[in-house]
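> One structure, pasted below without further comment.
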Amino acid sequence: MDHQEPRLGKEVHTLRNAYGPKLVLVDEEGGETAYHIVHEVEVNGEHYAVLQEADDREEDAYLFRVKNERVEPIEDEAEWEKVAEAIDELLYFDE
């Protein structure tokens with residue numbers, strides 16, 4: 001009998017459904033940065049987004065927590081690692 005482990009996270013589309021494929025974040029100084037929404041995932045009931053600066057030619061991506069439709073940085077390293085692992089699992093492993 002083939003037994004599969006439960007997934008760490010599930011793909012969601014909350015930001016994409018609300019804002020389309022891009023969104024603009026405003027920093028503390030009022031500066032605006034446009035981002036592409038690359039992926040969204042729910043891990044342990046929390047919502048996270050992988051965003052890429054719209055004009056970033058390096059293709060760097062950034063991981064954010066989404067809470068009450070607000071995007072905030074993840075400051076806890078263990079939380080960041082758990083979410084990154086869930087995203088890797090969703091992207092690179094077949095069901």
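> For the range 36-50, name all the residues that are of a type in the set (D, E, K, R) and under 8 Å from the mean Cα position of the chain (by Cα). Please lay out each step first, then the result.
From the range 36-50, those of a type in the set (D, E, K, R) are 40, 42, 46; that's our starting set.
The one that is of a type in the set (D, E, K, R) and under 8 Å from the mean Cα position of the chain (by Cα): 40.
> Under 8 Å between Cβ atoms, which residue pairs at least 6 apart in sequence (or on different chains) link something in the range 9-32 that is closer than 25 Å to residue 43 by Cβ and outside any strand (DSSP E or B) with a partner that is of a type in the set (S, T, N, Q) and at pLDDT below 90?
Sorted first by the residue in the range 9-32, then by its partner, the list stays empty.
> Looking at 16, 65, 57, can you tell me which residue is exposed (fewer than 11 other Cβ atoms within 10 Å of the Cβ) and not hydrophobic (A, V, I, L, M, F, W, C)?
So the residue among 16, 65, 57 that is exposed (fewer than 11 other Cβ atoms within 10 Å of the Cβ) and not hydrophobic (A, V, I, L, M, F, W, C) is 57.
> Given the conditions (1) over 14 Å from residue 8 (Cβ atoms); (2) exposed (fewer than 10 other Cβ atoms within 10 Å of the Cβ), which single one is not true for residue 92?
If we test residue 92 against (1) over 14 Å from residue 8 (Cβ atoms); (2) exposed (fewer than 10 other Cβ atoms within 10 Å of the Cβ), just (1) comes out false.
> Mind checking whether some residue in the range 3-11 is farther than 23 Å from residue 93 by Cα and surrounded by 10 or more Cβ atoms within 10 Å (Cβ to Cβ)?
Step one: list which residues in the range 3-11 are farther than 23 Å from residue 93 by Cα, which gives none.
Scanning the range 3-11 turns up no residue that is farther than 23 Å from residue 93 by Cα and surrounded by 10 or more Cβ atoms within 10 Å (Cβ to Cβ).
> Further, regarding this structure: Restricting attention to the range 46-95, report how many residues are in a loop (DSSP other than H, G, I, E, B) and over 22 Å from residue 33 (Cα atoms). Don't jump to the end; show me each part of the working.
Within the range 46-95, the first condition is being in a loop (DSSP other than H, G, I, E, B), and the residues that meet it are 54-61, 68-69, 74-76, 93-95.
If we keep only those that are over 22 Å from residue 33 (Cα atoms) too, we end up with 76, 93-95.
So the count comes out to 4.
The values are calculated or read from the model by the stated rules, or taken from the named source; none is laboratory data. Since this is a predicted model, take the numbers as computed values, not measurements. Virtual Cβ from ideal backbone geometry, glycine too; neighbours counted across all protein chains shown.
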